[in-house]
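Heads up: the structure comes next, in structure tokens.
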Amino acid sequence: MVERFLGFLRDGRPAHVAEEVERLTLSGLSSRSIYLRVFAPALVKIGSLWEEGVISVAEEHLATALVRAQMARLAPLPPQLPSMSGRVVLAAVPGELHAVGLRMVADFLEGDGWEVADLAQSTPRDDLVRFVRMRRPHVVGLSCGLIDHLGEAAAVVRALRSLPDTPVVLVGGSSLAHDPAAAGAIGADVVAKDAQEACGALQQRFE
């Protein structure tokens with residue numbers, strides 16, 4: 001399933017990608033399952049192909065754009081948990097340019113009833129802190145995909161801790177998925193490997 005979808009992404013034709021997503025939907029896969037079982041692993045493979053020099057930056061960008069277009073078609077996602085009520089701010093740490101995973105988390109949370117402000121890629125630390133001070137969210141979610149950005153992620157968390165109304169801090173990203181020690185060093189309250197885990201963790205924390 002993932003390899004088939006990956007082939008359509010590498011082919012780069014929007015109509016073919018859309019037809020495959022429609023086929024997956026008609027086969028009975030829920031929107032959330034398509035996100036988790038098809039989109040996410042396919043994009044991981046795309047990233048690996050780029051790192052190995054098999055595809056260019058242009059091809060990687062096109063594949064990402066094709067997935068984002070299909071995400072816009074599938075969202076909002078129907079809730080799988082009791083409806084939540086609260087405010088969430090999501091942002092990629094400074095220097096982090098990959099924000100599709102962050103958008104996946106936003107779609108899942110919005111489907112569960114959260115009010116989400118998605119600031120997307122590479123949000124400057126001071127701007128994020130000012131925004132959080134103004135919005136006073138219950139949760140701030142940070143995306144950190146590269147190990148090189150872990151130090152900046154920790155600095156953002158420290159800055160958030162200095163606010164009078166300290167939000168719950170959620171972190172995720174490929175740099176943390178297989179390294180609990182790195183996640184702990186950042187100082188976050190919640191670490192999630194994907195959108196579904198993020199929703200579940202926040203549900204438990206705020207129920």
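The values are calculated or read from the model by the stated rules, or taken from the named source; none is laboratory data. Because the structure is predicted, anything quoted here is derived from the model rather than measured. Backbone-built Cβ (ideal geometry, glycine too); neighbour counts: all protein chains shown.
Just name the residue that is farthest from V57 (Cα to Cα) out of those in the stretch 123-146 that are of a type outside the set (K, R) and part of a helix (DSSP H, G or I). Spell out how you get there, then give the answer.
Quick first cut of the stretch 123-146, residues of a type outside the set (K, R) only: 123-124, 126-129, 131-132, 134, 137-146.
Filter again for part of a helix (DSSP H, G or I), leaving 126-129, 131-132, 134.
On the way: D126: 30, D127: 28, L128: 28, V129: 31, F131: 32, V132: 33, M134: 36 Å.
Result: M134.
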* Structure fact -> Among helices (runs of 4 or more DSSP H) completely within the stretch 22-122, the ones holding 3 or more residues that are touching an Asp or Glu at 6+ places or on another chain (Cβ under 7 Å) are 40-51, 100-111
* Structure fact -> Flagged in the stretch 120-145 as crowded, with 16+ Cβ neighbours inside 10 Å and of a type in the set (A, V, I, L, M, F, W, C), in numbering order, are A120, L128, V129, F131, V132, V139, V140, L142, C144
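Going by what's in this entry, would V169 be described as free of Cβ contacts under 8 Å to residues at least 60 places away in the same chain, under 21 Å from A201 (Cα atoms) and crowded, with 16+ Cβ neighbours inside 10 Å?
Values: free of Cβ contacts under 8 Å to residues at least 60 places away in the same chain: yes; under 21 Å from A201 (Cα atoms): yes; crowded, with 16+ Cβ neighbours inside 10 Å: yes.
Judged against the criteria, V169 is a match.
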* Identify, please: which residue in the stretch 26-48 is surrounded by 13 or more Cβ atoms within 10 Å (Cβ to Cβ) and free of Cβ contacts under 8 Å to residues at least 12 places away in the same chain and is, among those, farthest from L77 (Cα to Cα)? -> L29
* Asked: Is it the case that the stretch 73-80 has a residue that's modelled with pLDDT of 95 or more and of a type outside the set (K, R)?
  -> no
* Go over the candidates V100, V88 one by one and state the one that is crowded, with 18+ Cβ neighbours inside 10 Å, touching a Gly at 6+ places or on another chain (Cβ under 9 Å) and β-branched (V, I, T). => V88
* Only one of L119, L74, L62, L109 is touching a Ser or Thr at 6+ places or on another chain (Cβ under 6 Å) and not acidic (D, E); which? -> L74
* Asked: Conditions: (1) out of contact with any Cys (no Cβ under 8 Å at 6 or more places or on another chain); (2) closer than 21 Å to V21 by Cβ. F108 meets all but one. Number of the miss?
  -> (1)
